[in-house]
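To start, the structure under review is shown below, and the notes come after it.
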Amino acid sequence: MTRPIVFAFNSSGAETARRVARAVGGETCGLDGRVTGLDSTFDDAASAVAEAFRAGRPILGVCAAGILIRLIAPLLVDKRAEPPVLAVSDDGAVVAPLIGGLVGADTLARTV
């Protein structure tokens, strides 16, 4: 599996993003202007998530599930080839695998 990326969309999810990244051996990426102190930033969520998705990287978003669903929906083609995508609540209490059960999303969720 390629290195997971953990996206944080607001400052309240930054610490959870760091904890999740440590747990899964991933990197963190925060929304520019809203999240600081992570490995990198993004200013266009659709482009950032699409780039990671097309690269086959597992995606963990510290955000509402609906955000990730809307971002990845246009990219869905083959459930056997798509990377895991999971939504994590800001406090880390809830981890919801959205797609990728066939390629490790459930295992990744248990790890988180």
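Per 5 Å bin, what is the whole-percent P(r) computed from every C-alpha pair distance within the chain?
Pairs per bin, as whole percents: 2, 14, 27, 28, 19, 7, 1, 0.
Any chance you could give the angle, 0 to 90 degrees and rounded to 10, that helix 45-54 forms with the longest Cα principal axis of the chain?
40
Going toward the positive end of the dipole of the chain, with +1 on Lys and Arg Cβ and -1 on Asp and Glu Cβ, which of LEU86, ILE67, VAL6 do you reach last?
Sorting the options by dipole projection puts first LEU86.
Give, in nm to one decimal, the length gained when the segment between ALA64 and VAL77 is fully stretched (0.36 nm per residue of separation minus the Cα-Cα distance).
Extending this stretch completely gives an extra 2.4 nm.
How big is the accessible area of LEU102 in square angstrom, nearest 10, if you roll a 1.4 angstrom probe over the protein chains?
Using a 1.4 Å probe on the heavy atoms, I get roughly 120 Å².
Can you give me the angle between helix 14-24 and the longest principal axis of the chain, using Cα atoms only, in degrees from 0 to 90, rounded to the nearest 10?
For 14-24 against the chain, the angle is about 40 degrees.
Name all residues of the range 73-112 having a backbone nitrogen under 17 Å from the label point set 7 Å from the Cα of ARG34 along its Cα→Cβ direction, giving them as ranges.
Of the residues in the range 73-112, 87-92 have backbone N under 17 Å from the label point off ARG34.
Once you charge only the Cβ atoms, +1 for Lys and Arg and -1 for Asp and Glu, what is the size of the charge dipole of the chain about its Cα centre, to the nearest 20 debye?
Using Cβ point charges on Lys, Arg, Asp and Glu, the chain gives about 300 debye.
Nothing charged except the Cβ atoms of Lys and Arg (+1) and of Asp and Glu (-1): what's the magnitude of the dipole of the range 51-106 about its Cα centre? Round to the nearest 20 debye.
Its charge dipole is roughly 220 debye.
The values are calculated or read from the model by the stated rules, or taken from the named source; none is laboratory data. Keep in mind it's a predicted model, so treat the numbers as computed, not measured. For neighbour counting, all protein chains shown are included, and Cβ atoms are generated from backbone atoms with ideal geometry for every residue, glycine included. Only protein heavy atoms, including side chains, enter the accessible area calculation; ligands, DNA and RNA are left aside. Shrake-Rupley method; radii C 1.70, N 1.55, O 1.52, S 1.80 Å.
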